[in-house]
Each structure stands twice: as C-alpha cells, then as structure tokens.
1. Taking the conditions exactly as written (more than 18 Å from K24 (Cα to Cα) and either without any contact (Cβ under 8 Å) to a residue 12 or more places away in the chain or touching a Phe, Trp or Tyr at 6+ places or on another chain (Cβ under 9 Å) (or both)), does Y53 satisfy them or not?
2. Taking Q103 as meeting all but one of (1) polar (S, T, N, Q); (2) open to solvent by 30 Å² or more (accessible area, probe 1.4 Å); (3) touching a residue at least 12 places away in the same chain (Cβ under 8 Å); (4) in a helix (DSSP H, G or I), write down the number of the exception.
3. Test S93 against the criterion of being under 18 Å from E27 (Cα atoms), part of a helix (DSSP H, G or I), among the hydroxyl-bearing types (S, T, Y) and in contact (Cβ under 8 Å) with a residue 24 or more places away in the chain, and give yes or no.
4. Criterion first (assigned to a loop (DSSP other than H, G, I, E, B), within 24 Å of A47 (Cα to Cα), open to solvent by 80 Å² or more (accessible area, probe 1.4 Å) and at pLDDT 95 or above) does D70 satisfy it?
5. Which residues, counting only those in the stretch 10-42, are within 13 Å of the chain's Cα centre (by Cα) and part of a helix (DSSP H, G or I)?
6. So which residues in the stretch 62-101 are touching a His at 6+ places or on another chain (Cβ under 7 Å) and not hydroxyl-bearing (S, T, Y), if there are any at all?
7. When the stretch 85-100 is examined, which residues are found to be over 12 Å from the mean Cα position of the chain (by Cα) and open to solvent by less than 20 Å² (accessible area, probe 1.4 Å)?
8. Among the numbered criteria (1) of a type outside the set (A, V, I, L, M, F, W, C); (2) loosely packed, with under 15 Cβ neighbours inside 10 Å; (3) assigned to a loop (DSSP other than H, G, I, E, B), which one does H81 miss?
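The values are calculated or read from the model by the stated rules, or taken from the named source; none is laboratory data. These figures come from a predicted structure and were not determined experimentally. All Cβ positions, glycine included, derive from the backbone under ideal geometry; neighbour counts span all protein chains shown. These area figures cover heavy atoms from the full protein model, side chains too; ligands, DNA and RNA do not enter into them. Shrake-Rupley method; radii C 1.70, N 1.55, O 1.52, S 1.80 Å.
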Amino acid sequence: MSAFRGRAENICFGNCIGGPFAMKLMERAPQRVTAAILSQPVGHNPAHPDYMYDAGKTVWASEMRQRRPDVSMETIEKYLHNLYRVQPDFVHSVSRDFAKSCQTSMLVLPDDVAAHPLVASIDVASLCPNAEITVFPWKEPPELKARTINRARTFLKRHQTV
C-alpha cells in the first residue's frame, strides 16, 4: 500500500489505500501530480459498507497496538471513522464532484474483493474525464497480466515530463 511521487515525473502510484491517497494528492496539489496509476483501489463497497472500518479495527488496529501501545483504541477508532465513515461513498478520500472535475490522467487496474470493489474502480474510470481502465480480471492468464503490465509501462512513458 503506497502512494508516492516519482522523482522527476510527478507520477503517483497508489495500490490499495494508496489509490484514494493518490486522488487526495491530485485534489490538494493538482499541479504536482501529472498522472497516476491506481492499482486495486480501496473504495466503498455497497454490499459490505463497513468492511474497511471493521477490518481496520480487527486487523490493522491489533497490529498497530502491538507496535504502538501508546496509541489508544479511541484514537484508532477516530482515525478509522474519519477515513471510512465521514465520506462513506466512492473512494473515501475525495468526492464524486472532484472526480468529475479532475483533469489528471489515470490508469485504473481494478480488483473485485470486499476491500477493493470493482464498482469503485468503475466509478473512478467513469467519472474522471482522463481516466482509463484495464480489463478485469487482469492477473490471469499470464499473457493478459503481461499485456496489462506493458499497458502500465506505456502509460508511464506517455506521461513522463521532460
């Protein structure tokens, strides 16, 4: 799970929760993000609306508390609430209105599990005017996975800045 800025290109790659974080970067600093790849982005799952909040409390919070016992469960629950319940729609980090106005080029690699619902990827690709989406599923067979990786490489090369 990462969202990071490339050295010269200002291209974001967001995997899992990094997809919504990359979109937040686009909203806050659009001049600094020239393109983004959103791989299996986390998003609101209408079939399991509290999945991310619940998983955060049971899995992530447990691991966090082992590493950082000084962080209270109350603090963790507040963080999870702000992350997943304040804006319980779409990708949790930005609004649909922002997505419709976002001019950043994106390539979306969808998934379809409880944490990464296909509907979230389709919504990003449908709402963002300069978004592309790969086929789903894209990881199998190996030939399709290789084509998807090549498509991502081509996307990155196309959006490199000089």
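1. yes
2. Failing condition for Q103: (4).
3. Details: under 18 Å from E27 (Cα atoms): yes; part of a helix (DSSP H, G or I): no; among the hydroxyl-bearing types (S, T, Y): yes; in contact (Cβ under 8 Å) with a residue 24 or more places away in the chain: yes.
The answer is no for S93.
4. Details: assigned to a loop (DSSP other than H, G, I, E, B): yes; within 24 Å of A47 (Cα to Cα): no; open to solvent by 80 Å² or more (accessible area, probe 1.4 Å): yes; at pLDDT 95 or above: yes.
So D70 does not fit the description; no.
5. Keep residues of the stretch 10-42 that are within 13 Å of the chain's Cα centre (by Cα), which gives 12-26, 36-42.
Scanning the stretch 10-42 gives G18, G19, P20, F21, A22, M23, K24, L25, M26.
6. Result: L83, P88, D89, F90, H92.
7. Of all residues in the stretch 85-100, those over 12 Å from the mean Cα position of the chain (by Cα) come to 85-89, 95-100.
Selection gives A99 alone.
8. (3)
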